[in-house]
Amino acid sequence: MSFQLVMIVWCDAFSAPGWMTPDEAVAHVEATDWEVTEVGWILKETKEYILIAGQWNGQMFGNFTKIPKTWIRKRAPLKPRGK
């Protein structure tokens, strides 16, 4: 079985602890970088999400991330080293 290595840039949800005024909360959210770049092998892809694994030892996978498709901003196939 062959697995595609990809780079995915996606926007994650986040929260901020503590108390803030509405203006402070908006300023904090707008100043926070919520874009994430992830590299991994595609294990499953549906209309709703993509499941990638960030680690692979040739037999087993680890470090899984399930990303909702609507959160993905950019996607690019990659070529594994030595291939």
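Taken together, the values in this text are just the output of simple stated rules run on the coordinates, not laboratory data. This structure is a prediction, so every number in the text was calculated from the model and none was measured. Glycine also receives a Cβ, built like all others from the backbone with ideal geometry; neighbour counts cover every protein chain displayed.
By how many degrees, between 0 and 90 and to the nearest 10, does the Cα long axis of helix 22-31 differ from the longest principal axis of the chain?
With both axes taken from Cα atoms, the answer is about 30 degrees.
Quick one: grab Rg to one decimal and Dmax as a whole number for segment 1-74, Cα atoms only, in Å.
Rg and Dmax of segment 1-74, Cα atoms, are 16.0, 53 Å.
When we measure straight from the Cα of Lys74, which aspartates and glutamates land under 20 angstrom away, once same-chain ones fewer than 8 places off are left out?
Asp12, Asp33, Glu35, Glu38, Glu45, Glu48
By how many nm would the segment from Thr65 to Lys47 lengthen if fully extended, with 0.36 nm per residue of separation less the alpha-carbon distance?
Using 0.36 nm per residue and subtracting the Cα-Cα distance, I get 4.9 nm.
For the chain, what does the relative contact order come out to in percent, with C-alpha contacts under 8 Å and a separation of six or more?
With pairs under 8 Å counted, the relative contact order is 38 percent.
Using Cβ contacts closer than 10 Å as the measure, can you line up Thr65, Thr21 from fewest to most?
If I rank by nearby Cβ atoms, fewest first, I get Thr21, Thr65.
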